[in-house]
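Working notes for the structure below.
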Amino acid sequence: MIIDYPWYYVLFCLVAGALYAAVLYFLGHRRFGKGMNLLLAGLRFVAVSVIALLLLAPVAKQTVNEQQKPVVVVAQDVSESVESGKWKVEREKWKEIEGEGYDVVYEEFGGSTTDISAELEEIASRYQGRNLGAVVLATDGIYNRGNNPATTAERITFPVYTIALGDTTPQRDAALANIRHNRIAFSGNTFPVEITINASRLKGNAAQLSLLDNHGKTMARERVDYSDNNFSTTLTFDLKAEKPGLQRYTASLSVVDGERTAANNMLTFYTDIIDSRRKVAIIGNAPHPDLAALKQAVESNPNYEAEVFLNEELKMRNEELKEVSLLILHNLPSATHQLPTLNSQLSSINSIYIIGTQTDLPRFNALHAGLEIVAKARKTNEVTAMYNDRFSLFMLDAADGAAIEELPPLSAPFGEAKASPSLQSLFTARLGNINTQQPLVAAQVQGTKRTVFVWGEGLWRWRLNDFLNNKSHEHFDRLVSQMVNFAAITDSRERFIVETERHYSDNDEIVVRAQLYNESYEPFNTPDATFNLKGDSIKGDYNFSRQGDGYTLSLGTLPEGLYRYTATTTYDGTTYSTEGSFAVEALHLEQTNLTANHSLLATLSAITGGQLVYPSDLSTLNSQLSTLKPVIYTHTRFSELLNLPWVLIFILLLLGGEWVLRKYLGNV
């Protein structure tokens with residue numbers, strides 16, 4: 001028994017019980033004999049002492065042993081490459097013979113794609129800390145997403161028993177295995193398309209591959225001779241980018257008699273044909289690795305092209321800057337260079353300032369651009385980023401914000417910020433473990449002028465470490481792309497902005513976001529906003545939901561096709577409308593390989609200590625699983641005595657027994 005009070009409080013409880021019993025049976029009129037008084041006083045002493053002790057909230061410590069039966073997870077592959085009808089019959093048989101010593105959980109995985117590794121990792125994560133006895137994997141061994149399951153098997157701690165489904169005999173079939181193409185092409189140019197064709201058991205036959213545009217017009221055509229029973233070839237075509245916009249193309253391979261399926265003889269792909277790209281000038285005070293990192297990040301957005309200039313080169317190359325939509329100024333103005341002397345057309349261009357160790361802060365402050373830095377010493381701070389999810393001038397996903405927070409510090413000139421009221425910080429500077437609230441990446445809108453500030457240099461380290469941490473540059477590139485998108489807006493008509501991806505797959509959830517700005521370019525979502533969607537087989541009207549200062553709409557998954565939309569809202573008597581399009585592409589990965597891979601399943605089972613069985617011999621699997629043992633978990637449990645029913649029963653017995661004795665003796 002454990003109490004939170006000093007030990008002598010127990011003595012107080014005993015004294016209270018003794019006093020109560022003494023007053024009741026010894027200090028008053030003695031109605032009973034001496035022996036009976038002692039018995040009754042003893043019962044009352046124990047009852048009162050126990051009740052007083054319960055007021056101290058004592059806790060009982062118990063050691064509990066719990067036995068947990070093993071869990072067997074039966075994961076069924078329901079992808080398009082598996083004929084699940086046979087398995088359903090075998091599943092009924094399996095339920096009849098499943099053992100008594102374990103619990104069975106059924107689940108399904110796969111669909112338009114199959115990722116066996118992800119399924120194993122998901123099971124391992126979900127049952128961590130539980131007695132996971134084994135996993136039974138019913139699949140054909142074909143995977144087209146994720147890592148090699150054999151590699152994943154080396155990291156898991158439970159046996160995997162595999163039920164081999166499908167047919168390992170190569171099928172008489174031809175398939176368009178892969179299409180490589182440009183997502184973006186510029187009007188008037190040509191762009192390459194590479195198509196890989198695989199065929200089995202079709203030697204001596206021939207087919208024709210055709211490329212068609214959205215209206216069924218043949219763009220290219222080529223004969224394919226199947227010269228081997230295990231045939232593979234890659235054909236390259238150069239297509240002309242003609243009509244601007246999101247264009248759909250279809251690759252069609254004629255079907256030979258006897259092919260198992262014709263579903264894999266046709267693939268659709270989409271290319272965005274655009275008229276021209278906006279130009280961004282990156283102007284540096286001196287050579288710096290940040291300049292290359294910024295150029296690569298800007299050009300990750302196909303709507304922009306970037307050119308790097310050094311300040312001293314501008315007089316020679318000023319003519320190239322006439323079509324610039326945005327300036328990125330790195331370490332300018334500096335002690336050796338004022339802001340570049342550009343033609344009058346460029347003086348009103350929006351800018352992104354990268355404020356680094358070479359920036360002359362007094363000259364920078366004299367610009368009155370919206371951020372002034374009062375230097376207190378000639379030194380720098382190494383600062384990391386702290387994401388601000390209340391930033392509203394443009395949208396950055398929380399996942400991107402979290403990834404940026406993990407990147408190494410920037411070198412920022414030491415000083416105190418004086419910001420205009422319209423300046424919003426997307427990231428604040430964190431010095432060690434202290435969030436300084438000083439802006440690290442910030443933006444503002446003043447009239448028609450848009451400005452972004454980055455208080456620190458070393459962005460090249462951000463891009464490099466983004467790749468080291470996440471195997472891609474996408475988080476850094478999206479940050480720069482969003483900054484550029486925001487700063488490059490110069491047309492005041494862009495008051496209602498709708499954001500979608502240009503390409504989705506048919507298993508992606510499609511989420512549309514929108515933002516409405518008032519005359520001061522402040523985001524708000526007071527009026528209702530609607531979304532009209534038109535596709536090949538789908539038409540519908542939707543209403544946006546409000547989220548923060550903007551709008552959001554989830555369309556779920558959509559079938560393959562080209563979709564066009566019109567988003568509309570009305571504010572203060574003015575209607576704002578935005579049109580756009582996006583494509584949903586069918587993956588068809590399950591149709592490119594129809595030959596089961598039982599050797600992979602055997603390897604998977606061997607690595608984990610399981611066994612490969614066939615649907616006709618499930619009794620073997622049942623006998624293997626019957627050897628699974630339960631696990632006994634020992635843990636300590638603390639229970640308040642006040643909540644234990646036997647304590648209440650004990651007190652009632654004491655008081656009841658005393659009452660019965662008093663009643664009996666009183667009637668004698």
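The values are calculated or read from the model by the stated rules, or taken from the named source; none is laboratory data. Quantities reported herein were computed from a predicted structural model and do not represent experimental measurements. All Cβ positions, glycine included, derive from the backbone under ideal geometry; neighbour counts span all protein chains shown. All accessible areas refer to the heavy atoms of the entire protein, side chains included, with ligands and DNA or RNA removed. Shrake-Rupley method; radii C 1.70, N 1.55, O 1.52, S 1.80 Å.
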| request: Find all pairs meeting these conditions: Cβ atoms under 7 angstrom apart; at least six residues apart or on different chains; first residue within the range 476-488 and under 19 Å from Ala403 (Cβ atoms); second residue of a type in the set (Ser, Thr, Tyr). | output: Asp477/Ser300; Ser481/Ser300; Val484/Tyr304
| task | Considering only residues that are farther than 11 Å from Trp455 by Cα and not aliphatic (A, V, I, L, M), look in the range 370-379 and name the one that is surrounded by the most Cβ atoms within 10 Å (Cβ to Cβ). | result | Gly370
| field | Where a residue in the range 144-158 is in a helix (DSSP H, G or I) and its partner, wherever it lies, is open to solvent by 30 Å² or more (accessible area, probe 1.4 Å) and modelled with pLDDT of 85 or more, with Cβ under 8 Å and at least six apart | value | Ala150/Thr603; Ala150/Ile607; Thr152/Glu121; Ala153/Thr603; Ala153/Ile607
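Go through the range 398-428 residue by residue and tally those that are part of a strand (DSSP E or B), of a type outside the set (Val, Ile, Thr) and either under 21 Å from Phe486 (Cα atoms) or open to solvent by 40 Å² or more (accessible area, probe 1.4 Å) (or both).
Within the range 398-428, the first condition is being part of a strand (DSSP E or B), and the residues that meet it are 410-413, 416-419, 424-428.
Now drop any that are not of a type outside the set (Val, Ile, Thr), which leaves 410-413, 416-419, 424-427.
Cutting the leftovers down to either under 21 Å from Phe486 (Cα atoms) or open to solvent by 40 Å² or more (accessible area, probe 1.4 Å) (or both) gives us 416, 418-419, 424-427.
Adding up the residues that qualify gives 7.
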| said: It is to be established whether one or more residues within the range 600-615 are surrounded by 13 or more Cβ atoms within 10 Å (Cβ to Cβ) and free of Cβ contacts under 8 Å to residues at least 40 places away in the same chain. | reply: yes
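Looking at the structure I just gave you, is Leu393 buried (at least 16 other Cβ atoms within 10 Å of the Cβ), within 25 Å of the chain's Cα centre (by Cα) and part of a loop (DSSP other than H, G, I, E, B)? Give the steps one after another, and end with the answer.
Details: buried (at least 16 other Cβ atoms within 10 Å of the Cβ): yes; within 25 Å of the chain's Cα centre (by Cα): yes; part of a loop (DSSP other than H, G, I, E, B): yes.
Yes: the conditions hold for Leu393.
Going through Ser125, Ser117 one at a time, which residue ends up being crowded, with 16+ Cβ neighbours inside 10 Å and out of contact with any strand residue (DSSP E or B) (no Cβ under 8 Å at 6 or more places or on another chain)?
Details: Ser125 fails: crowded, with 16+ Cβ neighbours inside 10 Å.
After ruling out the rest, the residue left standing is Ser117.
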| message | I need the full set of residues from the range 565-576 which are open to solvent by less than 70 Å² (accessible area, probe 1.4 Å) and among the polar types (S, T, N, Q), in order please. | response | Thr566, Thr568, Thr569, Thr574
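Would you say Arg221 is basic (Lys, Arg) and surrounded by fewer than 16 Cβ atoms within 10 Å (Cβ to Cβ)?
Numbers: basic (Lys, Arg): yes; surrounded by fewer than 16 Cβ atoms within 10 Å (Cβ to Cβ): yes.
So Arg221 fits the description; yes.
Would you confirm whether any residue within the range 109-116 is in a loop (DSSP other than H, G, I, E, B), closer than 16 Å to Leu601 by Cβ, in contact with a Leu (Cβ under 7 Å, 6 or more places away or on another chain) and acidic (Asp, Glu)?
No - not one qualifying residue is present in the range 109-116.
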| When the residues of the range 254-285 are filtered to those that are open to solvent by less than 30 Å² (accessible area, probe 1.4 Å) and in a loop (DSSP other than H, G, I, E, B), which remaining residue is nearest to Val324 (Cα to Cα)? | Asn285
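Kindly check whether there is at least one residue in the range 448-459 that is within 16 Å of Pro408 (Cβ to Cβ) and assigned to a loop (DSSP other than H, G, I, E, B).
Within the range 448-459, one or more residues are within 16 Å of Pro408 (Cβ to Cβ) and assigned to a loop (DSSP other than H, G, I, E, B).
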